[in-house]
1. Among the residues of segment 12-34, which ones are exposed (fewer than 15 other Cβ atoms within 10 Å of the Cβ) and outside any helix (DSSP H, G or I)?
2. Just the residues that are surrounded by 13 or more Cβ atoms within 10 Å (Cβ to Cβ) and either of a type in the set (A, V, I, L, M, F, W, C) or closer than 13 Å to K162 by Cβ (or both), please, taken from segment 114-128.
3. Being surrounded by 12 or more Cβ atoms within 10 Å (Cβ to Cβ) and in a loop (DSSP other than H, G, I, E, B) narrows it down to one residue among M1, M59; which is it?
4. Please go through segment 122-138 and pick out each residue that is assigned to a helix (DSSP H, G or I) and farther than 10 Å from K149 by Cα.
5. Among the residues of segment 71-91, is any at pLDDT 80 or above, hydrophobic (A, V, I, L, M, F, W, C) and more than 27 Å from the chain's Cα centre (by Cα)?
6. Name the pairs: first residue in segment 124-151 and under 17 Å from I114 (Cα atoms), second residue of a type in the set (V, I, T), Cβ to Cβ under 6 Å, at least 6 apart or on different chains?
Amino acid sequence: MTSMEFNSKLSTLQSLLHSFAYNLTKNMEDAKDLYQETAFRALSNRDKFQQGTNFKAWMFTIMKNIFINNYRKKVKANTILDTTDNQYYLNSGSHATGNGAETNIMMKELNGMIEGLDDSIKIPFLMHFEGYKYQESADELDLPLGTVKSRIFFARKELKDKILSNYGFHPN
């Protein structure tokens, strides 16, 4: 088979190979990489293709084998080898556990700041925070929509100022 015939057959299978690669990887970028590696291997091993055999099956087999080899490499790379006596690290059972104390303290401080707001802006702010829409808050509080929006704005502004003065930084 000449190189033009080989390249022509390869280009006719391009969309099928891309689909198969995506089906294997479930990721568009990985599928593109798999297709490129398959095409490269096929072109570099063109002399190993036997005339009269199924070219499509040959290409799909190359792709499948590359995928399997890459998968095995990933699994091996993620395997932890413990050469210590009695596999100390694997058997130690020590897993890092997060401590939420800082987060809890900060949330208590933030809740205290919110409680320190004037009721006229705190109530609309809390309703908005709890998921009420602006119009729902306006209807519930019997206020105009613009008033509710501005009160929520002023509550946010006041909270930002309090955070800045307490912690010395301005939140995003």
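The values are calculated or read from the model by the stated rules, or taken from the named source; none is laboratory data. Keep in mind that what you see is a predicted model, and the values were worked out from it rather than measured. Neighbour counts run over all protein chains shown; Cβ positions are idealised from the backbone, glycine included.
1. Once the filter is applied, which keeps residues that are exposed (fewer than 15 other Cβ atoms within 10 Å of the Cβ) and outside any helix (DSSP H, G or I), segment 12-34 yields K26, N27.
2. I114, L117, I121, K122, I123, F125, L126, M127
3. M1
4. Across segment 122-138, the qualifying residues are K122, I123, L126, M127, F129, E136.
5. No, every residue in segment 71-91 fails to be at pLDDT 80 or above, hydrophobic (A, V, I, L, M, F, W, C) and more than 27 Å from the chain's Cα centre (by Cα).
6. Taking only residues 6 or more apart or on different chains, the pairs are P124/V148; P124/I152; F125/I152; H128/I152; R151/I121.
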